Amino acid sequence: MKFLFVAILFFSLQGFSQACKDDSAKLCPGLSGEELSKCMRMNVVKWSDPCKAEMKAKAEANPELQKVKEAHKDTIDKAAEQKRVNEARVAEMKAKNEARTAEMKAKREAHDAEMKAKQEARQAEMKAKREAREAEMKAKKEAREAEMKAKKEAREANRKACEEKLKSLADQRDVELKFADDRMKTAVEAKDKDALKKNLEEKKEIRKKYETLKAQALECKIR
């Protein structure tokens, strides 16, 4: 900062150095004399490194500029101190900003992690509920199927039992009717009208009885 301040004075007192001609053409095109010096002083922060180095060397080697430097020592020192203070303030602000940024990042990451954990917990809970519902529905379905199967098997067993009962009734009816026919034959041969009449009534009762039993057996079968 010190040499730049002296270099600014050097521009006003001594003109331009060779190394700064390109800078002056670039930064202050078309200007000359005091206007050029003023323009270059205003753009001192944009000087190229070769220009800065040469101006610093000439300023340090020039007795007149050394006198100017000594005369403005307090100003230069204050400027250097202000620069140091400014840099320290900038560094402090940068550090605070980085600390705040890191803190915000940590909070954001913690918040994101918490949200992610909650989301995963919700998803796990929903999955568990869904699986429980599916398991319940499956159990109910299996229970219904088992119940239907049991009822079907019971109906089938009942049907078979009824069929066997019908067959047994038919066999019993045929046996009784055969005995009745034998008795009727004997009554015919003996020309026993009363026995014949009685035998006819007996056969009629047998058929009636077995029709009733058959109806009951059929009702049992269709249940």
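The values are calculated or read from the model by the stated rules, or taken from the named source; none is laboratory data. Computed from a predicted structure; not experimentally measured. Glycine gets a Cβ as well: all are built from the backbone with ideal geometry, and neighbour counts include every protein chain shown.
Only one entry of Asp174, Asp182 meets the criterion of being assigned by TED's automatic domain parsing to the domain that holds Ala215 and closer than 23 Å to Ala215 by Cα, and that entry is Asp174. Taking the conditions exactly as written (over 60 Å from the mean Cα position of the chain (by Cα) and either surrounded by 10 or more Cβ atoms within 10 Å (Cβ to Cβ) or hydroxyl-bearing (Ser, Thr, Tyr) (or both)), does Lys127 satisfy them or not? So Lys127 does not fit the description; no.
Can you find a residue that is more than 30 Å from Val45 (Cβ to Cβ), outside the structural domain of Val45 (by TED's automatic domain parsing), out of contact with any Asp or Glu (no Cβ under 8 Å at 6 or more places or on another chain) and of a type in the set (A, V, I, L, M, F, W, C) anywhere in segment 79-99? No: zero hits. Among the residues of segment 9-43 satisfying the criterion of being in a helix (DSSP H, G or I), surrounded by fewer than 17 Cβ atoms within 10 Å (Cβ to Cβ) and among the aliphatic types (A, V, I, L, M), which is modelled with the lowest pLDDT? Among those that are in a helix (DSSP H, G or I), surrounded by fewer than 17 Cβ atoms within 10 Å (Cβ to Cβ) and among the aliphatic types (A, V, I, L, M), it is Leu13. For segment 149-166, state whether one or more residues are exposed (fewer than 10 other Cβ atoms within 10 Å of the Cβ) and either touching an Asp or Glu at 6+ places or on another chain (Cβ under 6 Å) or within 30 Å of Thr212 (Cβ to Cβ) (or both). No, the conditions are met nowhere in segment 149-166.
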